[in-house]
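Visitor: Sending over a structure as C-alpha coordinates; questions will come in a sec.
The values are calculated or read from the model by the stated rules, or taken from the named source; none is laboratory data. Predicted model, so just to flag it, every value in this text is computed and none were measured. Cβ atoms come from the backbone with ideal geometry, glycine included; neighbour counts cover every protein chain shown.
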Amino acid sequence: MKILMYSDVHYAPGSRDSRKLTAYALPLIDRLKEIEKEKTYDLVVNLGDLVEDFGDHERDLKNVRFIYDYVKTFKAKHVSLLGNHDIKCLFTRQEMLEYCGNDKASYSFDCCGYHFVVLGTFIYEGDKVVRTQYVSDDDLVWLKNDLADNKLPVIVLTHYGLFPEDMTGSYWFASNPIKAYMMKYDEVRDVLKNHHVLACFNGHQHWTRVNEVEGLPFYTCGSLTENINGDGKPDAVYFEVDINDDKVDIVIKNIRMEG
Ligand SMILES: [Fe+2]
Ligand SMILES: [Fe+2]
(Lines give C-alpha, C1' and ligand atoms only; values in the text may rest on other atoms or scores of the structure.)
(Ligands and ions follow the chains in the order given, each with its own letter.)
Protein backbone atom coordinates (compact mmCIF):
# COMPACT_ATOMS: atom_id res chain seq x y z
CA MET A 1 0.00 0.00 0.00
CA LYS A 2 1.02 3.60 -0.54
CA ILE A 3 0.53 6.48 1.93
CA LEU A 4 1.03 10.23 1.51
CA MET A 5 1.84 11.66 4.94
CA TYR A 6 2.31 15.22 6.15
CA SER A 7 2.17 17.13 9.42
CA ASP A 8 1.94 20.42 11.33
CA VAL A 9 0.39 22.72 8.75
CA HIS A 10 -0.62 25.34 11.38
CA TYR A 11 -3.17 27.08 9.18
CA ALA A 12 -3.68 30.57 10.65
CA PRO A 13 -4.67 33.41 8.31
CA GLY A 14 -3.38 36.68 9.72
CA SER A 15 -0.60 35.12 11.79
CA ARG A 16 2.72 36.97 11.79
CA ASP A 17 4.73 34.11 13.24
CA SER A 18 8.15 34.15 11.55
CA ARG A 19 8.87 30.53 12.42
CA LYS A 20 5.59 28.90 11.37
CA LEU A 21 5.15 30.23 7.84
CA THR A 22 1.40 29.85 7.92
CA ALA A 23 0.84 31.75 4.69
CA TYR A 24 2.20 28.67 2.91
CA ALA A 25 -0.39 26.35 4.47
CA LEU A 26 -2.92 26.37 1.63
CA PRO A 27 -0.41 26.56 -1.27
CA LEU A 28 1.45 23.58 0.19
CA ILE A 29 -1.72 21.54 0.66
CA ASP A 30 -2.65 22.43 -2.93
CA ARG A 31 0.72 21.07 -4.08
CA LEU A 32 0.16 17.89 -2.06
CA LYS A 33 -3.19 17.46 -3.79
CA GLU A 34 -1.45 17.79 -7.17
CA ILE A 35 1.18 15.25 -6.09
CA GLU A 36 -1.58 12.91 -5.00
CA LYS A 37 -3.16 13.10 -8.45
CA GLU A 38 0.07 11.94 -10.10
CA LYS A 39 0.13 8.60 -8.27
CA THR A 40 -2.31 6.28 -6.60
CA TYR A 41 -2.28 6.53 -2.81
CA ASP A 42 -4.42 4.36 -0.60
CA LEU A 43 -4.35 6.78 2.30
CA VAL A 44 -3.44 10.39 3.09
CA VAL A 45 -2.45 11.09 6.70
CA ASN A 46 -2.04 14.38 8.54
CA LEU A 47 -0.21 13.84 11.84
CA GLY A 48 -1.80 16.82 13.61
CA ASP A 49 -1.65 20.57 14.23
CA LEU A 50 -3.70 21.44 11.19
CA VAL A 51 -4.33 24.87 12.73
CA GLU A 52 -2.46 27.39 14.83
CA ASP A 53 -4.65 28.64 17.67
CA PHE A 54 -5.05 32.33 18.47
CA GLY A 55 -6.72 31.84 21.84
CA ASP A 56 -9.87 33.32 20.29
CA HIS A 57 -12.46 30.56 20.30
CA GLU A 58 -14.68 31.85 17.48
CA ARG A 59 -11.76 32.70 15.23
CA ASP A 60 -10.09 29.35 15.96
CA LEU A 61 -13.28 27.40 15.24
CA LYS A 62 -13.70 29.22 11.94
CA ASN A 63 -10.18 28.17 10.97
CA VAL A 64 -10.73 24.58 12.13
CA ARG A 65 -13.93 24.35 10.09
CA PHE A 66 -12.28 25.80 7.00
CA ILE A 67 -9.13 23.68 7.01
CA TYR A 68 -10.90 20.41 7.84
CA ASP A 69 -13.16 21.01 4.84
CA TYR A 70 -10.13 21.91 2.73
CA VAL A 71 -8.36 18.60 3.31
CA LYS A 72 -11.52 16.60 2.57
CA THR A 73 -10.85 16.96 -1.14
CA PHE A 74 -7.86 14.65 -1.28
CA LYS A 75 -8.89 11.72 -3.46
CA ALA A 76 -7.88 8.98 -1.03
CA LYS A 77 -9.25 8.43 2.46
CA HIS A 78 -7.86 11.25 4.61
CA VAL A 79 -6.96 10.65 8.25
CA SER A 80 -6.32 13.71 10.41
CA LEU A 81 -4.91 13.39 13.92
CA LEU A 82 -5.65 16.02 16.53
CA GLY A 83 -2.53 17.91 17.56
CA ASN A 84 -2.10 20.05 20.64
CA HIS A 85 -2.90 23.25 18.72
CA ASP A 86 -6.05 21.71 17.24
CA ILE A 87 -7.21 20.63 20.68
CA LYS A 88 -6.58 24.07 22.15
CA CYS A 89 -9.16 25.37 19.66
CA LEU A 90 -11.80 22.84 20.69
CA PHE A 91 -13.34 23.05 24.11
CA THR A 92 -15.54 19.96 24.24
CA ARG A 93 -15.88 16.48 22.81
CA GLN A 94 -18.98 17.67 20.99
CA GLU A 95 -16.85 20.16 19.09
CA MET A 96 -14.38 17.41 18.24
CA LEU A 97 -17.25 15.36 16.87
CA GLU A 98 -18.70 18.24 14.91
CA TYR A 99 -15.54 19.55 13.31
CA CYS A 100 -13.24 16.56 13.12
CA GLY A 101 -15.60 13.64 12.73
CA ASN A 102 -14.09 11.80 15.73
CA ASP A 103 -15.93 11.22 18.96
CA LYS A 104 -12.94 9.41 20.41
CA ALA A 105 -9.33 10.53 20.65
CA SER A 106 -8.10 7.00 19.94
CA TYR A 107 -9.48 4.61 17.35
CA SER A 108 -8.35 2.06 14.80
CA PHE A 109 -9.20 1.00 11.28
CA ASP A 110 -8.02 -1.58 8.76
CA CYS A 111 -6.75 -0.58 5.32
CA CYS A 112 -5.14 -2.73 2.61
CA GLY A 113 -4.41 -5.57 5.02
CA TYR A 114 -2.87 -3.39 7.75
CA HIS A 115 -4.24 -2.31 11.11
CA PHE A 116 -3.90 1.42 11.78
CA VAL A 117 -3.99 2.66 15.37
CA VAL A 118 -4.60 6.37 15.93
CA LEU A 119 -3.56 7.07 19.49
CA GLY A 120 -4.69 10.52 20.47
CA THR A 121 -4.55 12.81 23.42
CA PHE A 122 -7.89 13.98 24.68
CA ILE A 123 -10.10 16.74 25.90
CA TYR A 124 -10.93 16.11 29.53
CA GLU A 125 -14.18 17.82 30.38
CA GLY A 126 -14.32 16.87 34.05
CA ASP A 127 -12.34 19.87 35.22
CA LYS A 128 -12.67 21.90 32.00
CA VAL A 129 -8.93 21.78 31.52
CA VAL A 130 -7.93 21.22 27.93
CA ARG A 131 -5.18 18.64 28.02
CA THR A 132 -3.10 18.10 24.96
CA GLN A 133 -0.33 15.70 25.92
CA TYR A 134 -1.97 12.87 27.83
CA VAL A 135 -3.21 9.52 26.69
CA SER A 136 -6.08 8.58 28.97
CA ASP A 137 -6.21 5.44 31.13
CA ASP A 138 -9.31 4.40 29.20
CA ASP A 139 -7.45 4.72 25.92
CA LEU A 140 -4.59 2.58 27.23
CA VAL A 141 -7.09 -0.16 28.11
CA TRP A 142 -8.70 0.29 24.72
CA LEU A 143 -5.27 -0.04 23.02
CA LYS A 144 -4.55 -3.35 24.80
CA ASN A 145 -7.93 -4.77 23.85
CA ASP A 146 -7.84 -3.47 20.30
CA LEU A 147 -4.45 -5.02 19.58
CA ALA A 148 -5.38 -8.27 21.34
CA ASP A 149 -8.23 -8.67 18.86
CA ASN A 150 -6.14 -7.79 15.82
CA LYS A 151 -4.29 -10.22 13.54
CA LEU A 152 -2.91 -7.76 10.98
CA PRO A 153 0.47 -5.96 10.98
CA VAL A 154 0.15 -2.67 12.88
CA ILE A 155 0.92 0.93 11.94
CA VAL A 156 0.76 3.44 14.83
CA LEU A 157 -0.09 7.12 14.28
CA THR A 158 0.40 9.73 17.03
CA HIS A 159 0.93 13.48 17.16
CA TYR A 160 3.44 13.43 20.02
CA GLY A 161 6.51 11.23 20.01
CA LEU A 162 6.46 8.00 21.99
CA PHE A 163 9.91 8.21 23.54
CA PRO A 164 12.03 10.97 25.13
CA GLU A 165 14.25 11.81 22.21
CA ASP A 166 17.27 14.08 22.69
CA MET A 167 15.94 17.52 21.72
CA THR A 168 19.35 19.21 21.45
CA GLY A 169 19.16 21.54 18.47
CA SER A 170 15.36 21.67 18.38
CA TYR A 171 14.05 25.20 17.92
CA TRP A 172 10.89 24.40 19.90
CA PHE A 173 11.94 21.82 22.45
CA ALA A 174 15.65 22.11 23.26
CA SER A 175 14.88 24.12 26.40
CA ASN A 176 11.77 22.12 27.31
CA PRO A 177 12.13 18.58 25.93
CA ILE A 178 9.31 17.15 28.06
CA LYS A 179 6.87 18.97 25.74
CA ALA A 180 8.04 16.92 22.76
CA TYR A 181 6.61 13.54 23.66
CA MET A 182 3.46 11.97 24.99
CA MET A 183 3.06 11.36 28.70
CA LYS A 184 2.84 7.63 29.62
CA TYR A 185 4.88 6.86 26.50
CA ASP A 186 6.48 3.91 28.34
CA GLU A 187 3.08 2.37 29.08
CA VAL A 188 2.09 2.76 25.44
CA ARG A 189 5.34 1.19 24.26
CA ASP A 190 4.94 -1.72 26.70
CA VAL A 191 1.71 -2.57 24.91
CA LEU A 192 3.10 -2.06 21.41
CA LYS A 193 6.19 -4.21 22.06
CA ASN A 194 4.01 -7.30 22.33
CA HIS A 195 2.53 -6.88 18.87
CA HIS A 196 3.62 -6.95 15.26
CA VAL A 197 4.21 -3.19 14.83
CA LEU A 198 5.76 -2.25 11.49
CA ALA A 199 6.10 1.48 12.08
CA CYS A 200 5.15 4.34 14.42
CA PHE A 201 4.69 7.80 12.88
CA ASN A 202 4.45 11.11 14.72
CA GLY A 203 4.56 14.84 14.05
CA HIS A 204 4.68 17.74 16.53
CA GLN A 205 8.45 18.11 16.79
CA HIS A 206 8.82 20.12 13.57
CA TRP A 207 11.84 18.17 12.44
CA THR A 208 12.28 14.90 10.59
CA ARG A 209 13.87 11.97 12.38
CA VAL A 210 14.21 8.19 12.11
CA ASN A 211 14.79 6.20 15.31
CA GLU A 212 14.51 2.71 16.71
CA VAL A 213 13.63 2.16 20.36
CA GLU A 214 13.20 -1.28 21.92
CA GLY A 215 12.77 -2.77 18.47
CA LEU A 216 10.05 -0.32 17.48
CA PRO A 217 10.74 1.86 14.40
CA PHE A 218 9.80 5.54 14.88
CA TYR A 219 9.46 8.10 12.12
CA THR A 220 8.95 11.78 12.92
CA CYS A 221 7.59 13.84 10.03
CA GLY A 222 8.60 17.52 10.07
CA SER A 223 6.23 20.45 9.66
CA LEU A 224 4.98 21.47 6.24
CA THR A 225 5.27 25.18 7.08
CA GLU A 226 8.20 25.35 9.53
CA ASN A 227 10.86 27.96 8.68
CA ILE A 228 13.34 25.27 9.61
CA ASN A 229 16.53 26.90 8.35
CA GLY A 230 15.54 30.43 9.37
CA ASP A 231 15.72 31.56 5.74
CA GLY A 232 12.03 32.34 5.26
CA LYS A 233 11.37 29.14 3.33
CA PRO A 234 9.03 26.41 4.56
CA ASP A 235 10.44 22.96 5.23
CA ALA A 236 7.63 21.62 3.00
CA VAL A 237 8.48 18.06 3.99
CA TYR A 238 6.25 15.06 3.47
CA PHE A 239 6.59 11.28 3.51
CA GLU A 240 5.81 8.86 0.77
CA VAL A 241 5.34 5.53 2.54
CA ASP A 242 5.28 2.21 0.70
CA ILE A 243 4.34 -0.88 2.65
CA ASN A 244 4.64 -4.30 1.07
CA ASP A 245 4.13 -7.36 3.27
CA ASP A 246 6.26 -6.48 6.33
CA LYS A 247 8.58 -4.09 4.53
CA VAL A 248 8.14 -0.34 5.09
CA ASP A 249 9.92 2.07 2.74
CA ILE A 250 9.80 5.77 3.54
CA VAL A 251 10.97 8.40 1.09
CA ILE A 252 11.39 11.81 2.72
CA LYS A 253 10.42 14.45 0.18
CA ASN A 254 10.24 18.25 0.07
CA ILE A 255 7.82 20.22 -2.07
CA ARG A 256 9.45 22.77 -4.33
CA MET A 257 7.62 26.07 -4.23
CA GLU A 258 7.88 28.73 -6.91
CA GLY A 259 9.48 32.01 -5.88
FE1 LIG B 1 3.13 21.72 15.44
FE1 LIG C 1 2.06 19.86 18.12
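Visitor: How many residues, within segment 144-176, are outside any loop (DSSP other than H, G, I, E, B) and under 30 Å from G230 (Cβ atoms)?
Guide: The total comes to 3.
Visitor: Kindly list, by first and then second residue, each pair from a residue in segment 75-102 that is among the basic types (K, R) to a residue that is part of a strand (DSSP E or B), limited to pairs with Cβ atoms under 8 Å and residues at least 6 apart or on different chains.
Guide: Every condition considered, the pairs that remain are K77/L43; K77/V44; K77/C111.
Visitor: Oh, and also: Pairs please, first residue from segment 214-227 and over 10 Å from L47 (Cα atoms), second anywhere and among the small types (G, A, S) and part of a strand (DSSP E or B), Cβ atoms under 6 Å, 6+ apart in sequence or on different chains.
Guide: P217/A199
Visitor: Quick one: in segment 1-38, which of the residues that are among the acidic types (D, E) and away from ligand 2 (no atom under 16 Å from the Cβ) is farthest from Y70 (Cα to Cα)?
Guide: Across segment 1-38, the extreme among qualifying residues is E38.
Condition check ((1) polar (S, T, N, Q); (2) within 16 Å of ligand 1 (Cβ to nearest atom); (3) closer than 28 Å to A236 by Cβ) across all residues:
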{"position": "A105", "(1), (2), (3)": "no, no, no"}
{"position": "C112", "(1), (2), (3)": "no, no, yes"}
{"position": "V118", "(1), (2), (3)": "no, no, yes"}
{"position": "K144", "(1), (2), (3)": "no, no, no"}
{"position": "V156", "(1), (2), (3)": "no, no, yes"}
{"position": "G161", "(1), (2), (3)": "no, yes, yes"}
{"position": "E187", "(1), (2), (3)": "no, no, no"}
{"position": "H195", "(1), (2), (3)": "no, no, no"}
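Visitor: Considering only segment 53-74, I want to know if a residue exists there that is of a type outside the set (S, T, Y) and at positive phi.
Guide: Checked against the condition, which is being of a type outside the set (S, T, Y) and at positive phi, segment 53-74 yields at least one hit.
Visitor: Determine which member of the set V141, V79, V117 is assigned to a helix (DSSP H, G or I), among the β-branched types (V, I, T) and modelled with pLDDT of 85 or more.
Guide: V141
Visitor: Something else now. Which residue out of H57, H85 is away from ligand 2 (no atom under 16 Å from the Cβ) and either in contact with a Gly (Cβ under 6 Å, 6 or more places away or on another chain) or modelled with pLDDT under 95 (or both)?
Guide: H57
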